[in-house]
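Working notes, beginning with the structure itself.
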Amino acid sequence: MSSENTVADRLLTDARKKTARQESPGIGKAALIVGIIGLIISPISILGWIGGLVALGLGAAGVSRPAAAKQAKIALVLGVAALVVATFFYTLNLSLR
(Lines give C-alpha, C1' and ligand atoms only; values in the text may rest on other atoms or scores of the structure.)
Protein backbone atom coordinates (compact mmCIF):
# COMPACT_ATOMS: atom_id res chain seq x y z
CA MET A 1 0.00 0.00 0.00
CA SER A 2 1.14 3.47 -0.72
CA SER A 3 0.79 6.37 1.65
CA GLU A 4 -1.77 8.02 -0.67
CA ASN A 5 -4.24 5.17 -0.16
CA THR A 6 -3.88 5.43 3.59
CA VAL A 7 -4.65 9.13 3.49
CA ALA A 8 -7.53 8.57 1.08
CA ASP A 9 -8.93 5.81 3.29
CA ARG A 10 -8.71 8.03 6.34
CA LEU A 11 -10.43 10.92 4.54
CA LEU A 12 -13.15 8.60 3.27
CA THR A 13 -13.71 7.22 6.77
CA ASP A 14 -13.93 10.76 8.20
CA ALA A 15 -16.40 11.78 5.48
CA ARG A 16 -18.57 8.75 6.19
CA LYS A 17 -18.62 9.54 9.92
CA LYS A 18 -19.60 13.14 9.23
CA THR A 19 -22.36 12.09 6.85
CA ALA A 20 -23.69 9.54 9.33
CA ARG A 21 -23.72 12.18 12.05
CA GLN A 22 -25.64 14.60 9.80
CA GLU A 23 -28.22 11.94 8.95
CA SER A 24 -28.86 11.15 12.59
CA PRO A 25 -32.26 12.34 13.85
CA GLY A 26 -30.88 12.84 17.37
CA ILE A 27 -31.12 16.62 17.46
CA GLY A 28 -34.70 16.46 16.17
CA LYS A 29 -35.67 14.02 18.90
CA ALA A 30 -33.97 16.15 21.54
CA ALA A 31 -35.72 19.27 20.28
CA LEU A 32 -39.07 17.50 20.28
CA ILE A 33 -38.61 16.21 23.83
CA VAL A 34 -37.54 19.62 25.11
CA GLY A 35 -40.48 21.23 23.30
CA ILE A 36 -42.97 18.87 24.93
CA ILE A 37 -41.43 19.37 28.36
CA GLY A 38 -41.33 23.13 27.81
CA LEU A 39 -45.02 23.17 26.95
CA ILE A 40 -45.90 21.07 29.98
CA ILE A 41 -43.96 23.27 32.40
CA SER A 42 -44.94 26.55 30.72
CA PRO A 43 -47.47 27.53 33.44
CA ILE A 44 -44.36 28.13 35.54
CA SER A 45 -43.29 31.27 33.67
CA ILE A 46 -39.52 31.19 33.95
CA LEU A 47 -39.22 27.46 33.25
CA GLY A 48 -41.61 27.76 30.31
CA TRP A 49 -39.55 30.54 28.79
CA ILE A 50 -36.33 28.60 29.25
CA GLY A 51 -37.83 25.40 27.83
CA GLY A 52 -39.38 27.28 24.92
CA LEU A 53 -36.16 29.04 24.04
CA VAL A 54 -34.13 25.83 24.23
CA ALA A 55 -36.71 24.07 22.02
CA LEU A 56 -36.49 26.93 19.53
CA GLY A 57 -32.70 26.74 19.47
CA LEU A 58 -32.56 22.98 19.03
CA GLY A 59 -35.36 23.09 16.49
CA ALA A 60 -33.57 25.74 14.45
CA ALA A 61 -30.41 23.65 14.49
CA GLY A 62 -32.30 20.51 13.49
CA VAL A 63 -34.26 21.99 10.57
CA SER A 64 -31.17 21.96 8.35
CA ARG A 65 -30.74 18.20 8.80
CA PRO A 66 -33.00 16.17 6.51
CA ALA A 67 -33.41 13.26 8.94
CA ALA A 68 -34.54 15.54 11.77
CA ALA A 69 -36.42 18.25 9.87
CA LYS A 70 -39.97 17.12 10.64
CA GLN A 71 -39.37 16.69 14.36
CA ALA A 72 -37.45 19.97 14.47
CA LYS A 73 -40.34 21.85 12.86
CA ILE A 74 -42.75 20.39 15.40
CA ALA A 75 -40.32 21.42 18.16
CA LEU A 76 -40.29 24.98 16.80
CA VAL A 77 -44.08 25.11 17.05
CA LEU A 78 -44.01 23.64 20.57
CA GLY A 79 -41.33 26.13 21.60
CA VAL A 80 -43.39 29.07 20.38
CA ALA A 81 -46.48 27.64 22.11
CA ALA A 82 -44.51 27.26 25.36
CA LEU A 83 -43.39 30.89 25.15
CA VAL A 84 -46.95 32.08 24.51
CA VAL A 85 -48.41 30.03 27.37
CA ALA A 86 -45.64 31.11 29.74
CA THR A 87 -46.23 34.75 28.84
CA PHE A 88 -49.97 34.31 29.36
CA PHE A 89 -49.50 32.87 32.82
CA TYR A 90 -46.95 35.54 33.69
CA THR A 91 -49.35 38.34 32.76
CA LEU A 92 -52.18 36.56 34.54
CA ASN A 93 -50.05 36.35 37.66
CA LEU A 94 -49.23 40.07 37.44
CA SER A 95 -52.84 41.06 36.95
CA LEU A 96 -53.99 39.09 40.00
CA ARG A 97 -51.59 40.83 42.38
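The values are calculated or read from the model by the stated rules, or taken from the named source; none is laboratory data. Please read these numbers as outputs of a predicted model, since none were measured by experiment. Glycine gets a Cβ as well: all are built from the backbone with ideal geometry, and neighbour counts include every protein chain shown. Protein only, heavy atoms only, side chains kept; ligands, DNA and RNA dropped before computing areas. Shrake-Rupley method; radii C 1.70, N 1.55, O 1.52, S 1.80 Å.
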Only helical DSSP H runs with n ≥ 4 go in: add -39500 (n - 2.57) per run for the chain, normalise by residue count and round the 222 nm mean residue ellipticity to 500 deg cm²/dmol.
-29000 deg cm²/dmol
Lys18 to Leu53: FRET efficiency via 1/(1 + (r/R0)^6), r the Cβ-Cβ distance, R0 22 Å, to the nearest 0.05?
0.20
Under the 7 Å Cα-to-Cβ spin-label approximation, Leu94 and Ile40 lie apart by a distance in nanometres of 2.9
Taking the mean number of other Cβ atoms within 10 Å as a proxy for protection, how do you rank 70-76, 58-64 from highest to lowest?
70-76, 58-64
The farthest towards the positive end of the charge dipole of the chain, of the residues Leu83, Val34, Thr19, given +1 on Cβ of Lys and Arg and -1 on Cβ of Asp and Glu, is Leu83
Rounded to the nearest 0.05, what FRET efficiency is calculated for Lys29 and Val84 with R0 set to 30 Å and r the Cβ-Cβ distance?
0.80
Per residue, what accessible area does the chain have, given a 1.4 Å probe and all protein chains present, in Å²?
67
Inter-label distance for Val7 and Val77, nm, one decimal - labels placed 7 Å from Cα along Cα-to-Cβ:
5.0
Over all directions, average the projected area of the Cα convex hull of the chain and note it in nm².
6.8
